[in-house]
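J.: Dropping the structure in here first, questions after.
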């Protein structure tokens, strides 16, 4: 059998003559072999080998060494898109190839499972303590099993040592009657637990407690778990990487200490599931003062805090509008989160999407019908991502007091009239509502 070098250097007479100056090397054969070797070694689909050229050094051409330039596009396993380019280098003397790897120019997306997971635990986020029975009934009719709502420490224990559980007691009772469960979001320190109680009393609420009050926040969390034992879980704060909910510039080191203290107490003193705070989908540090969710999560791992949570809270909202690849945008978010888990040997830790949604108002507004189809697409996407065990839609009822984008997230309008999204979600949950 002829060697590859012989095949490349001695083309049959019937073929077109080699390009002058190629020293008998068939560039077409070389390009075809470069394509084959590159595809085999990188497991990719090479779309084009643009050219093969001999090496040059000190102005002299070396026809014993060649470089072929290739470009590839396609899908990795799990339908992960890739686009890359590189060189395949051939040495004629040894008939050997050295091929660049496929460095993906696209942001890696979370791989899709070939077989979807079972339906995740499902529900809606809202200020449920202030919504009545009709809203709860409508949530259950659409397939809701759980409601996510805040339990503000400041609302229950505004005065130190005096606890008022009336609102949360009533909600818990109504949920138990329906076979539904709450996911409590622990948030909002009372003035007496903040670093500057005087400023708080004068309207400058920092939201977060002082660091030396984390133990008392943990005591409060344990009381919530013991008072409402059939709750789904307690989520320790909301979007601490975003100034709006942290009450100041995000401090991952302080949130890590909070999660250790509160999560540790819940794990040692109760059987309640602990969820780390759902992270705002800001991808990078930006002018709002936010810290990117990936960077924030890396800090929590580096500081040994994630082990105090049974699940990681995420908020995979699309960052683009209806005419762009909003599903791909969310897959990039999930891919970046999975990357952090993989780097820490923690790939199977559950991810809980404690908020996701699209709005019919403000920037990137979706038309009402498109809101419904987009929410169904996002729900089905999460069924195809490893270990997303819970999906909570933000939000249930539109709140006309909110401006811009916030006003349009609800799947019911303020009069509890269903938007198309309500019916679409009910259908995907297997509920026939005749709408």
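J.: How are the C-alpha pair distances of the chain spread across 10 Å bins, as whole percents from the shortest bin up?
T.: For the chain, the pair-distance distribution reads 4, 18, 25, 20, 11, 9, 7, 5, 2, 0.
J.: With axes computed from alpha carbons, what is the tilt in degrees of helix 326-343 against the longest principal axis of the chain, rounded to the nearest 10 within 0 to 90?
T.: 90 degrees
J.: Still on this structure, I have one more. What distance in nm lies between label points placed 7 Å from Cα along the C-beta direction at residue 105 and residue 65?
T.: Going by the 7 Å Cα→Cβ label model, 2.6 nm.
J.: Could you state the angle between the C-alpha long axis of helix 252-269 and the longest principal axis of the C-alpha atoms of the chain, as a value from 0 to 90 degrees rounded to the nearest 10?
T.: On a 0 to 90 degree scale, this one is about 60.
J.: Can I ask one more? Applying 1/(1 + (r/R0)^6) with R0 = 30 Å to the Cβ-Cβ distance of residue 164 and residue 271, what FRET efficiency is obtained, to the nearest 0.05?
T.: Efficiency computed from Cβ-Cβ geometry: 0.70.
J.: On C-alpha positions alone, give me the angle between the axis of helix 166-178 and the longest principal axis of the chain, in degrees, nearest 10.
T.: Once rounded, one gets 70 degrees.
J.: How much length would be gained if the chain were fully extended between residue 227 and residue 55, taking 0.36 nm per residue of separation minus their Cα-Cα distance, in nm to one decimal? Numbers along the way, then the final one.
T.: Working: separation 172, 0.36 × 172 = 61.92 nm, distance 7.55 nm.
Between residue 227 and residue 55, full extension yields 54.4 nm more.
J.: Mind giving me the nanometre distance, one decimal, between the label points for residue 401 and residue 32, set 7 Å out from Cα along Cα→Cβ?
T.: Modelled inter-label distance: 7.4 nm.
J.: Per the Kirkwood treatment, what hydrodynamic radius in Å, one decimal, follows for the range 320-417 from the mean inverse distance over all distinct Cα pairs? Before the final figure, lay out each step's value.
T.: Details: mean 1/r = 0.0689 Å⁻¹.
Hydrodynamic radius (Kirkwood, Cα pairs) of the range 320-417 is 14.5 Å.
J.: Along the Cα→Cβ direction, 7 angstrom out, place labels at residue 95 and residue 361. What is the inter-label distance in nm?
T.: 7.3 nm
J.: Suppose the chain between residue 287 and residue 324 were pulled fully straight at 0.36 nm per residue; how much longer would it get relative to their current alpha carbon spacing?
T.: Length difference between fully extended and current span is 11.0 nm.
J.: Something else about it: Please give the FRET efficiency for residue 370 paired with residue 75, using the beta carbon to beta carbon distance and R0 = 30 Å, rounded to the nearest 0.05.
T.: Computed FRET efficiency for residue 370 and residue 75 comes out at 0.70.
J.: Something else about it: Residue 342 to residue 40: FRET efficiency via 1/(1 + (r/R0)^6), r the Cβ-Cβ distance, R0 22 Å, to the nearest 0.05?
T.: Once the sixth-power term is evaluated, E becomes 0.25.
Since every read-out is calculated from the coordinates, none of them should be taken as a lab result. Keep in mind it's a predicted model, so treat the numbers as computed, not measured. Here the Cβ is made from the backbone with ideal geometry for all residues, glycine too, and neighbour counts use every protein chain on show.
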